Amino acid sequence: MPLVRISLREGKPETYRRALADGIHRAMVETINVPPLDRFQAITEHPAQSLIYDPAYLGIVRSDNVVFVQIILNAGRSTEQKRALYARMAELLQASPGLRPQDLLISLVEVSRENWSFGNGQAQYAV
Amino acid sequence: MPLVRISLREGKPETYRRALADGIHRAMVETINVPPLDRFQAITEHPAQSLIYDPAYLGIVRSDNVVFVQIILNAGRSTEQKRALYARMAELLQASPGLRPQDLLISLVEVSRENWSFGNGQAQYAV
Amino acid sequence: MPLVRISLREGKPETYRRALADGIHRAMVETINVPPLDRFQAITEHPAQSLIYDPAYLGIVRSDNVVFVQIILNAGRSTEQKRALYARMAELLQASPGLRPQDLLISLVEVSRENWSFGNGQAQYAV
C-alpha cells in the first residue's frame, strides 16, 4: 500500500537509484509490516537548482546527494515503528548505495485504508 | 479542489496522456461531486527504471503501462463514494485510452477545506 | 519540516524558478512559524500538455504561468494562519518573479510531528 516518491539530483547511475529504491523498500518491509510485494515507487531526478535543501538545518550537514523520500501509507504505525523505519532506512542506504545518513530526509503521509485501489477499480483494503 | 498527480512511463503519445487525464477527471466529476471546472492535474513521465511496481501484488497482474494516480482532495467522501470512484475510473480508462484495469493504482490523500487556495491568495473553501 | 513541491511549466529561466522558491519559503517563515533554515523544496517543470489547469474555476482567470504549490507540513496551524500564508505568498510572488496572484494554487497536506526524519535516521520532531 505505500506509494513512495523518491527525489534526488540527476546524474547518478541507474544502479545507484536502484539501490536507493531497494533499500527504502527493504526498510519498510523489515520495520513497519509492509508486504514484500507491496512495492510502488516513483523516482524523480532534479537538476541541481530544482532540488533545494538547507545544508545545516538542525545541525545536520547535508550535501548535494540529499534524497527526499515521501511515503504515503496507511495510518496506524506507532511512533516507535516510525523511529525504527527511519533508523533502518538510514542504515541500509549507508551500506548501499553509500548514502550518508545526513542526506536522507523522510516524510510520511498517512491515509485511511479505503483510500487505495491497487487495480481492477476495487478498494482492496477497505473493510 | 482536487490536485491530481499522474505518474506513468515515458513514451506514450500526447493523445494517450490526455485521454488518461480526461478519464480521471470525468470519473471524479461523476462519482464524488467534483465540479467539472475544478481540474488541476500534473502528469509526470518516468524512465522505465524510475517507475517501480510489483507485477503481481494482491494477485493483480500489472504491466509496464501501470499508472499511479494520486488525488489530494477534501475529506468527507464515504467509502461507497470512493469505491464508485475507483470502479468508474477503471471503466473509463479502459474505454479510453485502453488502460487495463489491472494497471491502475489510485491513492487518495484527504485534507481539510481550509488547506486550499485557488488563486488570489485567498482560502476559497474555508468556512 | 515542510516539504514543498513546486510544479510549473517548463521554459522559465532559472532566476524565475529561484524567485518562486524564495518567495514561497519566505511566506512560510513570515506567517506560519517555519524556521528560516527549514527549507526543502523540489521543483518539477512540466511540458505544456502535462500541467493541466482550468482557466476559469471559481471565476479566477488563470494563465499558462500557473504554479501548483504543495506543502507537506505539521498539523496545528489555524485557519487564520493559513489565510495569512496564502495572502503573503501571493503578494511576495507578485513582487518577484512577477507571478499573477490568479496563477498561484496552494495545497497543504498536514501530518504528525513524528512523521519526519531530517537526517541521521532519527525522528527529530517526535515528542
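Coordinate-derived values only; no laboratory data. Computed from a prediction, not measured in an experiment: that's the story for all the values here. Positions of Cβ are backbone-derived with ideal geometry, glycine not excepted, and every protein chain shown enters the neighbour counts.
How big is the charge dipole of segment C:69-127 about its Cα centre, in debye rounded to the nearest 20, if each Lys and Arg gets +1 on its Cβ and each Asp and Glu gets -1 on its Cβ?
On the way: 6 positive and 5 negative charges, 19 e Å.
It comes to approximately 100 debye.
Can you give the direction-averaged projected area of the convex hull of the alpha-carbon atoms in chain B, in nm²?
Numbers: hull surface 33.9 nm².
For chain B, averaging the hull's shadow over all directions gives 8.5 nm².
Need one number: % antiparallel among DSSP beta bridges in the protein assembly as shown, to the nearest 5. Can you show the working numbers first?
Details: 30 of 72 bridges.
So the antiparallel bridges in the protein assembly as shown amount to around 40 percent.
If you take each beta carbon of peptide B:71-84 and count the beta carbons of other chains within 10 angstrom, what is the mean? All intermediate terms of the calculation are to be shown ahead of the outcome.
Numbers: counts 1, 5, 2, 0, 1, 0, 2, 1, 7, 3, 1, 7, 6, 2.
What the average comes to for B:71-84 is 3.
As a test of the formula, what do you get for the protein assembly as shown when each DSSP H run with n ≥ 4 contributes -39,500 (n - 2.57) and the sum is divided by the residue count, at 222 nm and rounded to the nearest 500 deg cm²/dmol? Numbers along the way, then the final one.
Values: 6 runs with 106 residues, N = 381.
Rounded to the nearest 500, it is -9500 deg cm²/dmol.
Compute the signed sum of charges (Lys and Arg +1, Asp and Glu -1) over the other residues within less than 12 Å, Cβ to Cβ, of C:K82.
Values: positive: B:R113, C:R77, C:R83, C:R88; negative: B:E114, C:E80, C:E110.
Around C:K82, the surrounding residues sum to +1.
Given the options A:A123, A:L93, A:V69, identify the residue whose Cα lies farthest towards the positive end of the charge dipole of chain A (+1 on Cβ of Lys, Arg; -1 on Cβ of Asp, Glu).
A:L93
Tell me, what ³J(HN,Hα) does each residue in segment C:54-65 have, in order and in whole Hz, if you take phi through Karplus 6.51 cos²θ - 1.76 cosθ + 1.60 with θ = phi - 60° and put x for Gly and Pro?
Per residue, the Karplus-derived 3J(HN,Hα) values read 7, x, 8, 4, 6, x, 9, 8, 9, 10, 5, 7 Hz.
So if we plug the beta-carbon distance of C:Y16 and A:V29 into 1/(1 + (r/R0)^6) with R0 = 41 Å, what FRET efficiency do we get, rounded to 0.05?
Details: r = 42 Å, r/R0 = 1.02.
Computed FRET efficiency for C:Y16 and A:V29 comes out at 0.45.
Sort shortest first the distances from C:A75 to its counterpart in every other copy, using label points 7 Å along the Cα-to-beta-carbon line, and give them in nm.
0.6, 0.6
Per 10 Å bin, what is the whole-percent P(r) computed from every C-alpha pair distance within the protein assembly as shown?
Going out from 0 Å in 10 Å bins, the protein assembly as shown shows 5, 25, 35, 27, 8, 0 percent.
Could you check what % of the DSSP bridge pairs in chain B are antiparallel, to the nearest 5?
Working: 5 of 19 bridges.
Here the antiparallel bridges make up roughly 25 percent for chain B.
Need the C-alpha centroid separation for segment A:1-45 versus segment C:36-80, integer Å.
25
Relative to the other copies, what are the label-point distances for C:Y16, with labels 7 Å from Cα along the C-beta vector, expressed in nm at one decimal and sorted shortest first?
Those label-point separations list as 3.0, 3.0 nm.
Would you grab the residues whose amide H sits under 5 Å from the one on C:V66? Only those 5+ places off in sequence or on another chain, please, with H modelled 1.01 Å from N.
Amide H neighbours of C:V66: none.
With charges only on Cβ, +1 for K and R and -1 for D and E, what is the dipole size of chain B about its Cα centre, in debye, rounded to 20?
Values: 14 positive and 13 negative charges, 23 e Å.
Here the size comes out at about 120 debye.
Using amide H atoms built in the peptide plane, which far-off residues or other-chain residues are under 5 Å from C:G119 H to H?
A:I106
Would you mind checking the tilt of helix A:14-31 against the longest principal axis of the Cα atoms of chain A, expressed as 0 to 90 degrees and rounded to 10?
So the inclination is approximately 50 degrees.
As I understand it, the dipole of the protein assembly as shown uses +1 on the Cβ of Lys and Arg and -1 on the Cβ of Asp and Glu, about the Cα centre. Which of B:L58, C:H46, A:A19 lies farthest toward its positive end?
B:L58
Find every distance from the label point of A:P35 to the corresponding label point in the other copies (7 Å from Cα along Cα→Cβ) and write them in nm, one decimal, shortest first.
4.0, 4.0
What is the mean number of Cβ atoms from other protein chains located within 10 Å of the Cβ atom of each residue in peptide A:45-54, rounded to a whole number? Please list the in-between numbers first.
Details: counts 3, 5, 4, 1, 6, 10, 4, 12, 5, 9.
Other-chain Cβ atoms within 10 Å of each residue's Cβ, averaged: 6.
Contact order normalised by length for chain C, with contacts defined as Cα pairs under 8 Å and 6 or more residues apart; what percent is it? Write down the numbers at each step before the final one.
On the way: 197 pairs, mean separation 40.4, N = 127.
Computed over chain C, the figure is 32 percent.
Taking amide H positions as placed in the peptide plane 1.01 Å from N, state which residues far from C:F40 in sequence (5 or more) or on other chains have amide H under 5 Å from it.
For C:F40, the qualifying residues are C:V4.
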